[in-house]
Amino acid sequence: MMQDKNHNPQVEPKQPHTVDAEVDEHAELVGRIIHGDRDALGELFAIYRPKLWRMVTFRLHPGLQGRIDADDVLQDAWLRAVDRIDHFYKDAGSSSFLWFRSVVIQTLLDLHRFHLGAQKRSSSRELSIESVWGSGSTSSCLAFHLSDSARSPSSNASHAEMTKQLDSVLLGMNEVDREILALRHFEALSNSEVAKLLDLTEQAASVRYVRALGRLKQILELVIPNAFEEKDEGRREG
Amino acid sequence: MNKKEDEADAGKTPSYSSFILPPSSFSSARDPLELVLTEFMDQIRQGKTPSIDDFAGRYPALAEQIRELFPLVGNLERLKSEKEIECLRRNVPKQFPFDRLGDYQLVQELGRGGMGVVFQAFHLTSHRAVAIKLLPWRFAADMPIWKERLQREAATIAALQHPNIVQIYSFSEDQGYYYYVMQLIEGVGLDKIIQGLKQQQQQRGKRHSSKKPQSEVAVAGGSLTHDAWKGFARIGEQVALALACAHDQNVLHNDIKPSNLLVRSNGQVIVTDFGIGQPQPGELTDNDDRAIGTLRYMAPERLTGHGDPRSDLYSLGVTLYELATQTPIFDVQKRSRLNAAIMHHQPPNPRNLVSDFPSSLERIILKAMAKAPEDRYTSARALAQDLRQFINRQPLIHATEPGLLQKAIAWCDSWSKSWQRSK
């Protein structure tokens, strides 16, 4: 349901946006999007694309790898964003990036439901979407990604074993702490983005991030001793 | 510090090291360590390699925590970019929505590997045939790290002017895709040649006719038999000379293996695919088909740390071993086992596999692929020199025959081992 570019009932700003570096940076685009400009929406989407791609890459369920990829997800998400352009002003709040992110998350969730749902039904088991996308999902994604490079060459533990082990330990972490680590590192979000997303003050987000990092260090030392010691960088000459 | 300076300082941005924060910002004050961590992360994400010691020195009050947590942060960031590269690799499109790049018309895809797809192409006006290596992701421009890797790869190889190293002509961008143009080599991969030699051997075995004329594998103009010792040595010599040129300019190949060595019809070997953007051991997973193909030739020290020129010599040694014996050094299909084999398993000596294998060629190969870097040739040039000596039927200079004393020690050693086994 596309709105006429020149006629958008939600254009009238009820109150000025909070001044925010990110909004400011793309204020011109944001202004055009509020007026229903799809080109501006496309431009802003392109600006955020690497970040969104990163998020999808991290959160794509291992079971879907090889079937759909981050580009597919972003393609679908773009169509959804275009559909929802009229809601941009209301929903984007103080961060247009987080608006795009929520659109992509919703798309990702639907795709997971569709693909994994069909798969589970065929194996005559009801899919609980929480099992794929609940609070445990960040943990299993983290475990999946961490275990891969944490294996030392001499270690014989398989990827699956390591993932399972890490997952169970990471589940013991506080949910918000775990999320903060994923957001700051795997999605490369800033402290203020994390704060907004998790509804924390910047101070709380910042303190919790440091705490979570310390906790993760303890966990890794427990599960994979020495695996995350400092390695010599610059392995590639060239 | 006098009073004036003190006052001036008070108005400045707080220094985190002193933990002084302006009262106005106190309610939203971020953890000072988090601010420093963010700075560190930003530098890593810009492709820099910030030093943890520098940070600890700049923020003495946080030094202890910096040393405690920064290595983990560095590793998380490294892990993330490795993961992203791996995801990109998995998602290389099957087809591309163009058949032209810049002034070049694409003809056909020649291969995929590392971080690129290689095409055969020709220049639209001059009709010169070339090869093009393409970074196969449309939005690569948004992720400067890959563009920079490809660009660095092109610039690095372009700086190496050697008859046995592929020539690079240009680096460009078109329609949001990055690529470089290079010499098109009409040649056969050494992996195919090894395969051919192996098949000929098997057929020979089946016919039980070992006394019939030697089977041959056509290397276009010439031919290579399964025991063309000098032919093998000539291939090795050319690769070693190419490596010597690269090493002289502090460039490592990092991925010497048969499929990266192209043999032309005139016998000339061209070294391709400098592994500047190749997967690190840690980036490869069990599900990755390339894992085995790439790992098998990797030096033990590269699995645990980073290599030096001698790591390339190891890879060349293993390649020569496989070429001359037509037997892979480790016949292992699982990555974890392959890791263990590379670290600890000593493959059988070529002479145990092939009875008429020349002992001096064996010494060269074994020296090149010694597990410990310090037991290998000290330079690619030294390896090339010994191969030349072998070709000229001259005594080797570097891989000299063990002296009588060493022989005696080796004999005692093996005797005592067998004695202990028999106990």
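Overview of values
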read-out: Candidate set from region B:28-52 (those that are at pLDDT 90 or above and more than 11 Å from chain A (Cβ to nearest Cβ)); member that is surrounded by the most Cβ atoms within 10 Å (Cβ to Cβ); value: B:PHE40
read-out: Filtered residue count, region B:325-344, keeping only those that are buried (at least 17 other Cβ atoms within 10 Å of the Cβ) and of a type in the set (Lys, Arg); value: 1
read-out: Residue in region B:101-116 that is nearest to B:LEU262 (Cα to Cα), counting only those that are at pLDDT 90 or above and in a strand (DSSP E or B); value: B:GLU109
read-out: Residue tally, condition in a strand (DSSP E or B) and either in contact with a Pro (Cβ under 9 Å, 6 or more places away or on another chain) or of a type in the set (A, V, I, L, M) (or both), over region B:157-176; value: 2
read-out: Pairs where the first residue, in region B:244-268, is not assigned by TED's automatic domain parsing to the domain that holds B:SER379 and small (Gly, Ala, Ser) and the second is surrounded by fewer than 23 Cβ atoms within 10 Å (Cβ to Cβ) and not in a strand (DSSP E or B), C-beta under 7 Å, 6+ apart; value: none
read-out: Matching entry among B:ALA63, B:ALA121, B:ALA56, B:ALA154 (being modelled with pLDDT of 85 or more, crowded, with 16+ Cβ neighbours inside 10 Å and not in a helix (DSSP H, G or I)); value: B:ALA121
read-out: Which numbered condition B:ASP375 misses (of (1) crowded, with 18+ Cβ neighbours inside 10 Å; (2) out of contact with any Ser or Thr (no Cβ under 6 Å at 6 or more places or on another chain)); value: (1)
read-out: Filtered residue count, region A:192-213, keeping only those that are among the acidic types (Asp, Glu) and either in a loop (DSSP other than H, G, I, E, B) or within 14 Å of B:LEU35 (Cα to Cα) (or both); value: 2
read-out: Positions within region B:313-367 being polar (S, T, N, Q) and part of a loop (DSSP other than H, G, I, E, B), in sequence order; value: B:GLN326, B:THR327, B:GLN333, B:GLN346, B:ASN349, B:SER355
read-out: Single residue of region B:111-133 satisfying the filter (out of contact with any helix residue (DSSP H, G or I) (no Cβ under 7 Å at 6 or more places or on another chain) and of a type in the set (A, V, I, L, M)) that is farthest from B:ASN254 (Cα to Cα); value: B:LEU124
read-out: B:PHE70 vs. criteria more than 12 Å from every other protein chain (Cβ to nearest Cβ), at pLDDT 50 or above and touching a Leu at 6+ places or on another chain (Cβ under 9 Å); value: no
read-out: Evaluation of B:LYS367 against (1) within 28 Å of B:HIS247 (Cβ to Cβ); (2) out of contact with any Asp or Glu (no Cβ under 8 Å at 6 or more places or on another chain) (one fails), failing number; value: (2)
read-out: Residue, farthest from the other protein chains (Cβ to nearest Cβ), within region A:198-230, restricted to residues that are at pLDDT below 75 and surrounded by 16 or more Cβ atoms within 10 Å (Cβ to Cβ); value: A:VAL223
read-out: Count - residues of region A:81-98 that are surrounded by 14 or more Cβ atoms within 10 Å (Cβ to Cβ) and over 12 Å from the mean Cα position of the chain (by Cα); value: 12
read-out: Filter result for B:TYR297 (away from chain A (no Cβ under 14 Å), modelled with pLDDT of 85 or more, in a loop (DSSP other than H, G, I, E, B) and buried (at least 20 other Cβ atoms within 10 Å of the Cβ)); value: yes
read-out: Residue within region B:396-406 that is at pLDDT 90 or above and among the charged types (D, E, K, R) present; value: no
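The values are calculated or read from the model by the stated rules, or taken from the named source; none is laboratory data. The structure presented is a predicted model; accordingly, all values stated were derived computationally and were not measured. With ideal geometry, Cβ positions are generated from the backbone for all residues, glycine too; neighbour counts draw on all protein chains shown.
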